Each structure stands twice: as structure tokens, then as C-alpha cells.
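Structure first, then comments.
The values are calculated or read from the model by the stated rules, or taken from the named source; none is laboratory data. Keep in mind it's a predicted model, so treat the numbers as computed, not measured. Cβ placement follows ideal geometry from the backbone for every residue including glycine, while neighbour counts extend to all protein chains displayed.
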Amino acid sequence: MRDFYGTTLTTGLMLGTAQYPSPAVMMDAFKRSAASVATVSLRRESGQDRAGQDFWAIIRDLNVHVLPNTAGCHSVKEAVTTAHMAREVFDTKWIKLEVIGEEDTLQPDVFGLVEAARILSEDGFNVFPYTTEDLVVADKLLNVGCEVLMPWGAPIGSGLGLNNPYGLRSMRAHFPDVPLVIDAGLGLPSQAAQAMEMGFDAVLLNTAVAKAGDPAAMAEAFAGAVHAGQLAAKADPMEPRDMAAPSTPILGKAFLI
Amino acid sequence: MTQITIIGGGVAGLCVARSLRDRSADVRVFDRHGALGPHACSWWAGGMLAPFCEGESAEEPVVRLGQEAADWWDAKTHAVNRCGTLVISLTRDKAELIRFGRRTSNFETISGADIDALEPDLAGRFNTGLLFKDEAHLSPRLALNHLRDGLIADGVTFETADADPEVYARGGLTVDCRGFQARDKINDLRGVKGEMLILSCKDVTLNRPVRLLHPRISLYVVPRGDGIFMLGATMIESSQKSHVTARSLLELLSAAYALNPAFGEAEVLEIGVDARPAFPDNLPRIRRNGNLIRANGLFRHGFLLAPAMARMVAEMIFDNTRPEMMDETSA
């Protein structure tokens, strides 16, 4: 596994903590997913008088790395404020940075994202930016101090999978040494396997598990898919070809029957 | 006659009081504000008796035990409307409706024309929906007042005091029904913040609760009669009992507007907020330690599950049965 700001993760699955039917179901899902990271969105209202602390305690008890996020922030200022609150609440420098630019697709505002990433990196945060597959934006994020990139697969919560495999492949090829996480848009384990086969270092998902009829079973399915994809990427998969290539030799086979 | 003290006069306390009084116990109820009011979660409840709809995300006991609720409330308060629940979505969110149908039972899929006939004020706006015709609803404050009046008539006394259940348990059987107020004594209880609105809108008539499904903002509207509607409710992992955010109001109101733009002209009568008491699996618990019984964790199912919880408390006290809602933890 690649290094995320000095931390080596045991598995390539990062799982969100929102939208589960209950915390008990969420805890089961984490157990069966073997996720190494839990993302948690912090509402500014819950942070003010630490009114969210009962739920935060449940998340700490998951015993995985906590990656707080700035979900739902629409401006640099909001995102920076939320990040500071998260650092205080969870005692971590990690922050998944989301700056939303468009309400319908929840597409990142990449201009605000780079700016917020710069401010937070200078302030000592380890920023995990939620970005697109745009290479120029990726480069700017690295320049302002990000050491991890989190391109989207598809819009948040859409379950559409890897929308632009070409763009994601080229991102992987462009930044061979940067830890890359597919964040958002995954709906099925096969899509997670596809991302891992393409050489991504991890996938991050929430809705696909939390909104499944049996979240814990779906979490286990994703765990298997991530493992399979990772193993396949390491095993150096064959190249596809247009012609059939029989796996047993046909030379010398009787043909006059 | 067994004397039993109940602490907390919200939906849990009153239902437990009713069930115990029905078994001839000598019951007194303490509430820190004396009467029903905005300090209780149930004051802000939707009052939907919708066990099948709740099955979309709740555990099986909610669906099963919740089916007792409509008859119980009808018998004790005569304040139940049995008109079912209508579940709809905007065309672009049809996937939500399909998913909701897959996760629930006891409904029929109805057409746009059926919706128009059932709810003329939604006519032409929705082309398919789910009708849960065995579900019901009530007006929470009315129902609780009926319940309280009935208890007083039957000799139950009500006192204003912020009573400590542990102190009263030394003197006899005591049931702690204080909801989130008991958080300091119940470690695994948490608050789930809910915000709601009460609107007056003479231009809209609805005959039954309507749930509008949306991937981000789900809304339900419960008609209270005379053009009064309850709009609810947010679900936020927070124990905050104040502080209604502008975002929540915007979300609730824009969802109501999507249901029927006439809600845009509604008068906002009340804005409510409270923290629902919940255990990690969002199911209620009955716990006992000698004379002290704690009944808590009704989450968003106060009116739906309090009758079953009250029945179990009574059965535990009078029949020595172990309630289904009991776990290994001591009160």
C-alpha cells in the first residue's frame, strides 16, 4: 500500500459514515468492510457546543483512521472554518477537502479548492482534495502542498461508476507516484474493482453501502472487490487483443474426422 | 394497590401511565414542567402511525410492534385518523420511489389518476405513488391531552418536579421516562436532532400524511385539519435542542413548495426543534435495576412504539415477563 501522509493503510477501502439506518448498522458495515479509513462530515452546528459528540464517540470506536470532511461547504471560508473545527474535534491533521461549486451535480469548485488547499496546507493540514480528473487542477493541488489526490468517479451519490475511464487512466499515468483515491460516484463493487485494477490506491464510498438494503453485506462485497482489484493490478494483467488466442496449442490436432 | 412513580410526562411517560393504570396500579407522574409542552420531544412529533413506511430504514420490531399503535391510540384517545399514507416522488427522483417500494410492504402502487382522486390538491403533479392504506395519523398534542385528561379522571396525579428517579426508586417502583433528559444516566443514549415547522395554509387540503421522497431532502407533511400542516423533519446526529438552521428551514420549505407551490403562501406558525433519544440501533430499550425501570430510546417512533413499550413495562411489572425490549444492561 502506498503512503498517505506518512500513514500506510491496511486496505484500499475508505468508507463514509452518513446515511446509515442506524449507528449499529454502520458499525456492522465497518466490521465487514475492513475499511481502513472512516470519513465523517462535520456540521458546523454540531461542532459549536460539541453537540455531536455522542456520534463522534461512535466513530472513534470504529478504530480506524478518521478522515473528517468539509462536505456541503460552498466557499473557501466555510471549508477552512470547518477544517479547523474538525481538527479540534478529531485531533487529526487529515482533512478531506470538498468545496462544492454546483448544487445539482455537487461538482467541485476547483478554483476554490486550490485556494482552500493552499491555506490549509500552509496551516499544517494534510489535505485530501475532492477534485475532478483534470490534470491541470491536479498539478496545481500538488503545487500548493497536497500529497494525495481524490478524483471523482462520478457525481456524489449517483452510483454511476467511473464516468471517464480515459481521464482517470491518464491521471494515473501522469502521477505515478502520487496516492490517488477514487472518491464519489461508485455504486457497485465491480466499479470499485475496476478502479483498483486501473492502479488507483484506494476508493472512497458511502451511499453505495449506507443506502443498500443490507449495508453490512454490501460493505463486505466492496471489501472483496477492492481486494480483487488490488491483487489484479499487482499481478500485471494481460493486454486485451482483437484476435482469439487459443490457450491450448492447435498444431497437430486431427482435422480430418 | 401497587404504587408506581413515573418520571417524565411526554409520550413515553403518559403511555406507561395509561398501561399501568389499566392494570389498576396507583400511578403518579412527575414532570419537570408539570404539563405537556415544548420541553418534550412529543410536543414536536409528526404523529404518523406508519409502521410499514418506517420499515424502509427501521429494524423489523418497529414494523411489527408499530402495528399495535393505531388501535391503542384509537381506544385511549379516539383521536386517530385512518386514511393511510401516500408516498410520492418527483419524476426525476423516481428511483427513490422504486427503492422505497422494494424496502417496504403492505402498500399498493397507484397511478396519477388515483392520486388525483385521493388528494385533489396534488392533482396533475405526480404520475405514480405508493398508498399504505392501513396506516394512520393523529394530532400529537391533542392525543396527549386526551390521554392526560383520561388519566386524571382515573385518579392519576400529576406533579411538577424535576424528580430524580434513583431517589424515588428507594421508596418504590419508579419508571424513568425522561427521554434525552436521562442521558447522564444512560451512556449509550444519544440525541438525534430534528427540526420541524407548523404551517397554516388555507389553500391546500390533504387527507392523509404525504411523504415526498428525495435523495437528499426527504419531507413529510401531516395534515392537522383546518388548514394546519406539520412539516418534518430533519435528522441530524446532534444532541442540540435549539438552534434551527436556515439551511434546514430552506430544505423543508422548498420540499413543501415542490409538493404544492401553494405552500409558498403559507403562514409559518411554529418552528420546532428537539433531540430525539436514541440507542445505537435506534430501537427502544427497557432496563431494570430493582425498583428502577428505565424506558427510553423511542427515537423518531414515539407515538408508534410507546404503546408497545408501555404494554411491555406493564407485563414486566404485573406478569413477571421479560420484555422483548429489554437488553443485558442494568438500569
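Only one of (1) within 14 Å of chain A (Cβ to nearest Cβ); (2) within 19 Å of B:M325 (Cβ to Cβ) is not met by B:C41, so which one is it?
Unmet for B:C41, out of (1) within 14 Å of chain A (Cβ to nearest Cβ); (2) within 19 Å of B:M325 (Cβ to Cβ): (1).
Within the stretch B:150-195, track down each residue that is more than 14 Å from every other protein chain (Cβ to nearest Cβ), in contact with a Pro (Cβ under 9 Å, 6 or more places away or on another chain) and β-branched (V, I, T).
Hits for the stretch B:150-195 are B:T174, B:V175.
Any chance the stretch A:56-69 includes a residue that's away from every other protein chain (no Cβ under 13 Å), of a type in the set (S, T, N, Q), in contact (Cβ under 8 Å) with a residue 24 or more places away in the chain and touching a Phe, Trp or Tyr at 6+ places or on another chain (Cβ under 9 Å)? Outline the logic, then answer.
In the first step, residues of the stretch A:56-69 are kept if they are away from every other protein chain (no Cβ under 13 Å); the result is A:60, A:63-69.
Checking which are of a type in the set (S, T, N, Q) leaves us with A:63, A:69.
So of that shortlist, the ones also in contact (Cβ under 8 Å) with a residue 24 or more places away in the chain come out as A:69.
Narrowing further to those that are touching a Phe, Trp or Tyr at 6+ places or on another chain (Cβ under 9 Å): A:69.
Yes - at least one qualifying residue is present in the stretch A:56-69.
Residues are listed down the side, and each one gets a yes or a no for (1) assigned to a helix (DSSP H, G or I); (2) modelled with pLDDT under 95:
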position: A:I95; (1), (2): no, no
position: A:L106; (1), (2): no, yes
position: A:R118; (1), (2): yes, no
position: A:V127; (1), (2): no, no
position: A:D139; (1), (2): yes, no
position: A:L160; (1), (2): no, yes
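When you go through (1) within 23 Å of A:G124 (Cβ to Cβ); (2) more than 9 Å from chain B (Cβ to nearest Cβ) one by one for A:G12, which number turns out not to apply?
(1)
May I ask you to list the residues in the stretch B:229-246 that are in a helix (DSSP H, G or I) and surrounded by 15 or more Cβ atoms within 10 Å (Cβ to Cβ)?
Hits for the stretch B:229-246: nothing passes.
Report, by residue number, each residue of the stretch A:24-43 that is among the basic types (K, R) and more than 15 Å from A:H227 (Cα to Cα).
Those that are among the basic types (K, R) and more than 15 Å from A:H227 (Cα to Cα): A:K31, A:R43.
Would you check which residues across the stretch B:58-77 are over 14 Å from B:L298 (Cα atoms) and crowded, with 22+ Cβ neighbours inside 10 Å and list them? Step through it out loud before you land on a result.
Let us first name the residues in the stretch B:58-77 that are over 14 Å from B:L298 (Cα atoms), namely B:60, B:64, B:67-68, B:70-77.
B:A70, B:W73 - these are the residues of the stretch B:58-77 that are over 14 Å from B:L298 (Cα atoms) and crowded, with 22+ Cβ neighbours inside 10 Å.
Considering only residues that are in contact (Cβ under 8 Å) with a residue 40 or more places away in the chain and at positive phi, look in the stretch B:284-331 and name the one that is surrounded by the fewest Cβ atoms within 10 Å (Cβ to Cβ).
Among them, the one singled out is B:G290.
So for the stretch B:78-90 (the condition being within 14 Å of chain A (Cβ to nearest Cβ), crowded, with 16+ Cβ neighbours inside 10 Å and more than 25 Å from A:V25 (Cα to Cα)), does at least one residue qualify?
Yes - at least one qualifying residue is present in the stretch B:78-90.
Going by the structure shown, is B:R64 under 30 Å from B:V167 (Cα atoms), more than 14 Å from chain A (Cβ to nearest Cβ) and basic (K, R)?
Against the criterion (under 30 Å from B:V167 (Cα atoms), more than 14 Å from chain A (Cβ to nearest Cβ) and basic (K, R)), B:R64 does not qualify.
Taking the stretch B:171-194 as the region of interest, how many residues are in contact with a Leu (Cβ under 9 Å, 6 or more places away or on another chain) and not polar (S, T, N, Q)?
Filtering the stretch B:171-194 for residues in contact with a Leu (Cβ under 9 Å, 6 or more places away or on another chain) gives B:173-177, B:179-180, B:182-183.
Those left that are additionally not polar (S, T, N, Q): B:173, B:175-177, B:179-180, B:182-183.
Number of matching residues: 8.
Among residues belonging to the stretch A:194-222 that are away from every other protein chain (no Cβ under 14 Å), under 13 Å from the mean Cα position of the chain (by Cα) and among the small types (G, A, S), point out the one that is surrounded by the most Cβ atoms within 10 Å (Cβ to Cβ).
The residue in question is A:A195.
With B:L206, B:L199, B:L147, B:L212 as the choices, which residue is more than 14 Å from every other protein chain (Cβ to nearest Cβ), of a type outside the set (K, R), within 30 Å of B:F107 (Cβ to Cβ) and in a loop (DSSP other than H, G, I, E, B)?
Residue meeting the stated conditions: B:L206.
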